[in-house]
Amino acid sequence: RQSGDDIRKPWQLGRRKLLDYMAVFINSGHGIFSLEDEEFEIGPGELFWVPPDTLHEMRGVGARMNCLYIHFDLIYDPERSHWNAFIPGNSDISEYRHLMHPPIDDPVISSWRGILPIAKKQPEILDLFRKIAYEHKRSPYHELRLSGMVLELINEISDALENVSGELK
């Protein structure tokens, strides 16, 4: 739906909810992101995951931040999945409920929220974010290619999180 690989000066997105998923990878710089009532200091190499219908806020606080992001669906629906991810800057999205991504019946992905510990997979995940942003900008209507890349990204994130939980056991 939407993606970017931006270099930003100090910036802020006010409290809002989304209808789709959003993943943000910080390549350089620092910020303060929140999800519901939890605040996170975020910096280089960190991945921030925002599920649909979740109140969040983001701001970059350093002089420069390289912020890569993607908006996407995990479940394709021809009635819901073709819009550009623009949401008014507030938390009342009731008039857009018909476009809301449905809950998914996956206990692993459903638990992903906020900063995800992906340390051992940072280069692979950064590379995929860059490829997705580039491909989306180059040819946004190559939906099959972009869908495959997002699935690959989900797999890399899952592998990174399995490595972390395996180390904790």
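Tabulated data for the structure shown
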{"item": "Residue in the stretch 1-18 that is touching a Ser or Thr at 6+ places or on another chain (Cβ under 6 Å) and without any contact (Cβ under 8 Å) to a residue 60 or more places away in the chain present", "result": "no"}
{"item": "Every pair of residues 6+ apart whose Cβ atoms lie under 8 Å, when the first sits in the stretch 22-33 and is part of a loop (DSSP other than H, G, I, E, B) while the second is surrounded by 21 or more Cβ atoms within 10 Å (Cβ to Cβ)", "result": "GLY29/GLY60; GLY29/MET65; GLY29/CYS67; HIS30/ILE42; HIS30/GLY60; HIS30/MET65"}
{"item": "Number of the condition not met by LEU18 [criteria: (1) surrounded by fewer than 16 Cβ atoms within 10 Å (Cβ to Cβ); (2) part of a loop (DSSP other than H, G, I, E, B)]", "result": "(1)"}
{"item": "Residue under evaluation ILE157, criteria (1) at pLDDT 90 or above; (2) open to solvent by 30 Å² or more (accessible area, probe 1.4 Å), criterion not met", "result": "(2)"}
{"item": "All positions within the stretch 122-148 that are surrounded by 20 or more Cβ atoms within 10 Å (Cβ to Cβ) and more than 14 Å from the chain's Cα centre (by Cα)", "result": "HIS136, LEU146"}
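The values are calculated or read from the model by the stated rules, or taken from the named source; none is laboratory data. What you see is a predicted model, and the numbers here were worked out from it, not measured in a lab. A quick note on method: Cβ atoms are made from the backbone with ideal geometry, for glycine too, and the neighbour counts reach across all protein chains shown. Heads up: the accessible areas ignore ligands, DNA and RNA and are worked out on the full protein's heavy atoms, side chains in. Shrake-Rupley method; radii C 1.70, N 1.55, O 1.52, S 1.80 Å.
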